[in-house]
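Scroll down for the structure; my scribbles are underneath it.
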Amino acid sequence: MKQRYERPLIRKLNAGPLNKFGSRSEAQAVTHVDGAAVEDLLAEFGSPLFVLSEKQLRRNYQQAVRAFRTRYPRVQFAWSYKTNYLNAVCRVFHQEGAWAEVVSGFEYQKALLNGVPGPQILFNGPGKSRAELQLAAENDSVIHLDHFDELYELLGLAEGLARRPRVAVRVNLDAGVYPQWDRFGFNLENGQAWNAISRIVASGRLELVGLHCHIGTFMLSTKPYGVAAQKLADLAWSCLTQLNTPIQYLDLGGGFPSTNTLKGAYLPGTDTAPSLDEFAEVIADTLHRAGFRPEELPLLILEAGRVLVDDAGYLLGTVLATKRLADGRRATILDFGVNLLFTSFWYDHRISPAGEFSHHTEDTVLFGPMCMNIDQLRESVNLPLLNRGDQVVVHKVGAYNMTQWMQFISLRPAIVLLDAQGRPHRIRQAETVEYLQQLEEVPGHLLPAAVAPTRPATAE
Amino acid sequence: MPSTPANTPLRLLALAVLRSYSLIFFSQHRGFAALLLLLSFANPGAGAAGLTAALLAAGGAWLLGFDREVLKTGAYSFNALLVGLALGTFYEPGWAYGLVLLVGALLALLLTVALGGWLGPRGLPPLSVPFLGVIWLLTPAAEQFHALALNERGIYWLNEMYAVGGEPLLQLIHWLNGWQLPLMPDTYLRALSSVFFQDSPLVGLLMALGLLWHSRIAFSLSVVAFLGAYAFGMATGVYQDGAINHYILGANYIMAAVAVGGVFVIPSAASYLWALLSVPVTAVLVAGLGSLLARLGLPAFSLPFCLTSQLFLYVLLLRVDSRWLPLTPIQRYSPERNLYAFTNDRERLQSQLYVHLSLPFLGEWQVTQGYDGAPTHQGEWAQALDFMLLDAEGRSYRGAGQNLADFYCYNKPVLAPADGTVVEVVSHIDDNPVGQVNTRQNWGNTVVLQHAPGLYSKVSHLRPHSSPVKPGDLVRRGELLGACGNSGRSPEPHLHFQVQATPYIGSRTLAYPLAYYLSGPAVRTFQVPAEGESVQNLPLNPLLRLAFELPPGYRLDVCDADNPAAPPQRWEVFTDAYNKTYLYCHRTGAVAYFERSLAAFSFTAFYGDESSWLYLFYRAAYRVLLSYLPGPELPDTFPLTLLRSPVLKWAQDFAAPFVRFVHPTFALRYHGADDPYHPRRLQLSSRAELRYFGRTRVLQTTDIELVHGALAGLRVQLPHQSSPLRLVCQPVA
């Protein structure tokens, strides 16, 4: 094969850490995902392509359940829909026993369509319409109240209902996390939460079943969960002793980190993120010591999202071009950009070549295909020299990307799920122009004229 | 028991007198009793004297304030009845005779109470010893009572019959006497009739039929004993020239065999052998005592039976190992009932035998070494369990497994298996690195709990300094004892659990079952998990717990939903003197005993009207695990008393000591919970069935509706009814 010509370049020697093979890259070719060849997947479903591993999804879920259930007797996970609400993904988790945690009417509908029984849907979030509240109440789902206006709305609504709607109170509290997430729910320390709880109980129209908090996201310390669990348990204890209202469950929310590396982190995420076991240890330990009788311990609900799905997702793509920037840095242009890989704003994603590569490596900027300056996937990553047509694998992209991706400039690609045997199943088709067009409506006057518009009569 | 018309003094006395008759045959069967009462009047004078004596004794027992429940069984009066029958048979009526009867009846009562008080604590029944005492006291004395005349009616009894029944009765008797029964049945029947001091194959036949009506097992035992005695007699030549005297053969063999083979011992093939073994002993006693007592001028009567029975019972009481020939724990006055209740209790009511132990951890663990496990559960320490956590791929660790923390079970909480007192804590021994063992301090960090006198449990190989408890602490089931570690003889983190009878670390182990647990999806009760089983504790359900709490004083009105005008049947929970709880139906007087433990609700017995709704509920909620387990059916076994078909029932009764071919079964399914953790409503669907010869007949299917922590309704479908019976339950404030 004729070698492609590349203009010679003088650059500063950057030896990097040496090993006995010289400055050979640590990068390893990832030719297969769960036994399926990257090359074949891209050939069959097109490039770029999101790939999810069912095996990993299940393994993650089972590990998470084991981490908590071997430490605490009654634990239930509620799958955080916003993290990834692809039906196939949700159903894998529901099959494993997860409930649904939704934060909008649309997600609520999706959960119902995925066959989740109404009572097993937790309806969170600050933006629930009256109609959505009504639907949730009729389906006997638990409504996690976020603010007083919602409480009043629901109190009004409950008057006309045969059955008391079940509610939980979203509490925000000082767990030592900065910045404190005080925009969701009722504040604990200033008495707002107790006020809300008292009103709910006093009204007699709502059934208070749970307390909920969610102290942050991508938490790299376990301690705040202990503080939060303690505060929620104390609050539940007060409900029991002062209001004679036993609390059925404590919902500690989510926020557990995956092993992705945050931008600006000194060490990789695999070294810094505490495992779910460590979080479970702190939470369970705190609740065991909170004073409940062993058989009366409240149910512990967790809304883990990212930690369950992130490392089960891969983004496969293809190099479109390479170029030199003005300062001599190498740039590689890939066929997916930040419109698909939203999380590249947060993480330094690990990216592996999917095929054989030279042992020479060079720091390179990874750009997406957008005609937009922000479309930069990695500012600088040490990679082998990739050429047009080479395929790459981005790791740990399962969380948020398939919900926060945008149809911007380019269309969104297909998603496949690799089942336990590594067989690919397409779970979302690639978008087409027709798909996009069908929602659009063009006012009549912008349509091509079937008849020549009548010219206004002019005085002659 | 609440006061009901059932317990008026008159009814009490009537029952006591009536049952005095059947109790002679260890029965409470009222029909049998009535038949015996009737038969006693085959000799009218004796019948009247027996009835009078029984009445006197029962009345005396009532006036003297003896236990009403015992009185009701006839236990205080049957000896007086025998005394009356004997006196009536042998003496002519008259004033002196009446006086002697009065004295005899009261003496029989006093001796019964006194002897019962002396023998009772030794586990022995007085049998008819009081009757013998009275007769032996009266017989020599009577010789000096010159006003007392011997009865000659026994000789001229046909005159008597003519006086009572005239010509027709006489002809009937002639016709009956024309019956030439073969020697063997004739002797058998005459022997039976001799219990009432009579000598009539007809009375014997009716008695035999009555005995058969009361109990197939007792009847078959009587036949077995008779045949045994016959054979023994033939072999030893006691009865020369085939002239078998029924008085010699007597009822002693029969009664002793029934007592030791079916009444005081649970009927079985072994008990039949035991009964057969009693026959030669009785024969020796009959021959020996007969001639011995004759010198004193005393009749032996039932003395051989009493001695044989008590001897055979007492030696069984002194055994160490009672696997064979188990004694009747609670006398139900029917060999069948005793047997069925015993086998059923053995299967079902183990909860009463054991301290309920839970698994000492949370979540699903695998048994990696069971009882008599290969590496270390050997010899005196064989009855121990090792547990580890494994993932779906069967690995016990993540990553390389180089560090203790890589092991799934490492540092997981270890919990108290039941309430108890901490008697020993060791927590200073370091964890071993993976792959190394500490054979010097082989148990590692350990906590020993005492749950009951002589019952200790031990968890070992804990992580150092992970135990928050110290000796003397009281812990509740499920409280933290420490964390799983790798101290002691443990190459990789695991949990060692054993039960022992002594409080020391290193005590020998004791085989002891775990109360309730899940093995995979299957429920296990009072078993020991085997190696390789994945086990976890039953998740208890608050709604089921609440709905089947049924505290004493709880009342429930049950109405027919399709017939709201009909009066409700009220059920109420009571506690008896033995702290057993039962549901009592105020309308029908039916009683259903139940037992409630931490994890299960079960009915243990039902007495009373089987057309009551309570009986339907008894069959519907026979056993309910207080855990929501949708999916597989939970099976259980009813006692055979559920069987109604007379042919099948009698056939099974005859065969029962040897083989069971009818199986009344119960199956329960849980479904319809709106929330698996805190359901406000859920349904139990149960099925009561009869299985025999590969056939299955449904007796009752029921849907039980539970709403908001209470029993809300029942939907009962009986096979012969076209539409289900819908019952609504409302708690009464």
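The values are calculated or read from the model by the stated rules, or taken from the named source; none is laboratory data. Treat the numbers as computed from the prediction; the structure is a model and nothing was measured. Here Cβ is always computed from backbone atoms with ideal geometry, including for glycine, and neighbour counts include all displayed protein chains.
The table below gives the values:
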read-out: Residue within region B:427-435 that is farther than 24 Å from B:R398 by Cβ, of a type in the set (V, I, T) and in a strand (DSSP E or B) present; value: no
read-out: Filter pass, B:Y340 being over 9 Å from the mean Cα position of the chain (by Cα), in contact (Cβ under 8 Å) with a residue 12 or more places away in the chain and not assigned by TED's automatic domain parsing to the domain that holds B:V260; value: no
read-out: Cβ pairs under 6 Å, 6+ apart, first in region A:238-257 and outside the structural domain of A:G216 (by TED's automatic domain parsing), second modelled with pLDDT of 95 or more and not basic (K, R); value: none
read-out: Residue match in region B:478-493 (condition: within 14 Å of chain A (Cβ to nearest Cβ) and surrounded by fewer than 18 Cβ atoms within 10 Å (Cβ to Cβ)); value: no
read-out: Qualifying residue in region A:106-126 (condition: within 14 Å of another protein chain (Cβ to nearest Cβ), in a loop (DSSP other than H, G, I, E, B) and either surrounded by fewer than 24 Cβ atoms within 10 Å (Cβ to Cβ) or in contact (Cβ under 8 Å) with a residue 40 or more places away in the chain (or both)); value: yes
read-out: Residue match in region B:577-597 (condition: at pLDDT 90 or above and within 14 Å of chain A (Cβ to nearest Cβ)); value: no
read-out: Hits in region A:180-210 (condition: surrounded by 15 or more Cβ atoms within 10 Å (Cβ to Cβ), closer than 14 Å to A:A168 by Cα and either β-branched (V, I, T) or without any contact (Cβ under 8 Å) to a residue 12 or more places away in the chain (or both)); value: A:I197, A:I200, A:V201, A:V209
read-out: Sole residue being closer than 27 Å to B:E364 by Cβ, within 14 Å of chain B (Cβ to nearest Cβ) and either surrounded by fewer than 18 Cβ atoms within 10 Å (Cβ to Cβ) or touching a helix residue (DSSP H, G or I) at 6+ places or on another chain (Cβ under 9 Å) (or both), chosen from A:E54, A:E101, A:E138; value: A:E54
read-out: Residue that is nearest to the other protein chains (Cβ to nearest Cβ) [pool: residues in region B:402-418 that are free of Cβ contacts under 8 Å to residues at least 60 places away in the same chain and in contact with a strand residue (DSSP E or B) (Cβ under 7 Å, 6 or more places away or on another chain)]; value: B:Y408
read-out: Members of region B:7-37 that are more than 28 Å from the chain's Cα centre (by Cα), more than 17 Å from B:A80 (Cβ to Cβ) and either crowded, with 24+ Cβ neighbours inside 10 Å or touching a residue at least 12 places away in the same chain (Cβ under 8 Å) (or both); value: B:P9
read-out: Selection from region A:70-82 of residues that are surrounded by fewer than 23 Cβ atoms within 10 Å (Cβ to Cβ), facing another protein chain (nearest Cβ under 8 Å) and either among the charged types (D, E, K, R) or in a helix (DSSP H, G or I) (or both); value: A:R74
read-out: Given (1) over 24 Å from A:R166 (Cβ atoms); (2) part of a loop (DSSP other than H, G, I, E, B); (3) among the basic types (K, R); (4) away from chain B (no Cβ under 14 Å), index of the condition A:R91 fails; value: (2)
read-out: B:S627 assigned to a strand (DSSP E or B), among the polar types (S, T, N, Q) and more than 24 Å from the chain's Cα centre (by Cα); value: no
read-out: Spans of strands (runs of 3 or more DSSP E) in region B:500-596 with at least 3 residues over 21 Å from B:V716 (Cβ atoms) and over 29 Å from the mean Cα position of the chain (by Cα); value: B:534-537
read-out: Residue selected from region A:157-181 under the condition over 23 Å from the mean Cα position of the chain (by Cα) and charged (D, E, K, R), by the criterion nearest to A:K231 (Cα to Cα); value: A:D174
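Residue-wise test of (1) in a helix (DSSP H, G or I); (2) within 12 Å of chain A (Cβ to nearest Cβ); (3) β-branched (V, I, T); (4) surrounded by fewer than 19 Cβ atoms within 10 Å (Cβ to Cβ).
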site: B:R348; (1), (2), (3), (4): yes, no, no, no
site: B:Y354; (1), (2), (3), (4): no, no, no, yes
site: B:L357; (1), (2), (3), (4): no, no, no, no
site: B:G363; (1), (2), (3), (4): no, yes, no, no
site: B:V367; (1), (2), (3), (4): no, no, yes, no
site: B:T376; (1), (2), (3), (4): no, no, yes, yes
site: B:E393; (1), (2), (3), (4): no, yes, no, yes
site: B:A400; (1), (2), (3), (4): no, no, no, yes
